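Q: This is the structure I have questions about; it appears just below.
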Amino acid sequence: MKTLISFLAASFVGFTASAQNNELLFQRYILVKDALVNSDSKTASAQAAALLKNLESYGTATETQSMITSVKTIATNPDLKAQRKAFAEVSEKMWNLLKSKGGIQRTVYYQYCPMKKAYWLSQDSVIRNPYYGAQMLTCGSISDKKQP
C-alpha cells in the first residue's frame, strides 16, 4: 500500500511539473505569435529566444527537441517572412505537444490561415493572423480546439 501511495504521489508530481512546463511553453509561444501579428520581427526574435530557453530546459522529449530548430530560426533571423515560415512549423509541433501531453488548464484554439495553408494556436476564438499581420488580420478560421 505504501508503494502504491508513493507511486501515485510521484506520478502526480510528474504530471504537475509537465503541466507547468506546457503552460510556460504555451505562454511564451503566445508572445511570439502576438509579435508576429504586430509584424514586429525584433520582439518576435526576443520572445523566441525566451521560448528557446524554456524548450532547452524542458528535457529531451521528442516534441520539444523537434521545435528547437524552428524556434532558433525565429530568434536569430530578423527577416519577418522567414520568422513566419518557421512559426508555422513551431505551431504544428506545439499543437501536437499540447494534444499529446495535455496538462494545460485552458481552452486552446487551433486556427488556420487558408492563404498560407498554415496553422497557429490562440488562447481565444478571435482570429488574429500572425502570417499577414495588419494586411489580413482577421483572415482565418478555427480548425480545432483543446479544452481542459
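The values are calculated or read from the model by the stated rules, or taken from the named source; none is laboratory data. Everything numeric here is computed off the predicted structure, so don't read it as measured data. Neighbour counts are summed over all protein chains in view; Cβ atoms, including those assigned to glycine, are modelled from backbone coordinates with ideal geometry.
Q: Here are Q65, Q111, Q147: which of them is exposed (fewer than 14 other Cβ atoms within 10 Å of the Cβ), among the polar types (S, T, N, Q) and farther than 15 Å from R28 by Cα?
A: Checking each option against the conditions leaves just Q147.
Q: Then there is this: Any chance segment 42-55 includes a residue that's closer than 23 Å to N129 by Cβ, surrounded by 15 or more Cβ atoms within 10 Å (Cβ to Cβ) and at pLDDT below 95?
A: No, segment 42-55 contains no residue that is closer than 23 Å to N129 by Cβ, surrounded by 15 or more Cβ atoms within 10 Å (Cβ to Cβ) and at pLDDT below 95.
Q: May I pose another question? Checking the conditions here, which among T69, T64, T138, T107 is polar (S, T, N, Q) and more than 15 Å from the chain's Cα centre (by Cα)?
A: Only one candidate passes the filter, namely T138.
Residues checked against (1) modelled with pLDDT under 95; (2) part of a helix (DSSP H, G or I); (3) of a type in the set (A, V, I, L, M); (4) closer than 23 Å to Q20 by Cα:
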site	(1), (2), (3), (4)
L97	yes, yes, yes, yes
G103	yes, no, no, yes
Y112	no, no, no, no
K116	no, no, no, no
L121	no, no, yes, yes
V126	no, no, yes, no
P130	no, no, no, no
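Q: Of these, W120, W95, which one is closer than 16 Å to I142 by Cα and in contact with a Pro (Cβ under 8 Å, 6 or more places away or on another chain)?
A: Just one listed residue meets the conditions, W120.
Q: Here is a follow-up. For the structure I just gave you, tell me whether S122 is in contact (Cβ under 8 Å) with a residue 24 or more places away in the chain, closer than 15 Å to L31 by Cα and over 12 Å from the mean Cα position of the chain (by Cα).
A: Answer is no for this residue.
Q: Let me ask something else about it. In segment 132-148, what residues are touching a strand residue (DSSP E or B) at 6+ places or on another chain (Cβ under 7 Å) and either among the polar types (S, T, N, Q) or assigned to a strand (DSSP E or B) (or both)?
A: S141, I142, S143, D144, K145, K146, listed by residue number.
Q: Right, next: Does segment 108-115 include one or more residues that are out of contact with any helix residue (DSSP H, G or I) (no Cβ under 6 Å at 6 or more places or on another chain) and either free of Cβ contacts under 8 Å to residues at least 24 places away in the same chain or farther than 18 Å from R128 by Cβ (or both)?
A: There is no residue in segment 108-115 that is out of contact with any helix residue (DSSP H, G or I) (no Cβ under 6 Å at 6 or more places or on another chain) and either free of Cβ contacts under 8 Å to residues at least 24 places away in the same chain or farther than 18 Å from R128 by Cβ (or both).
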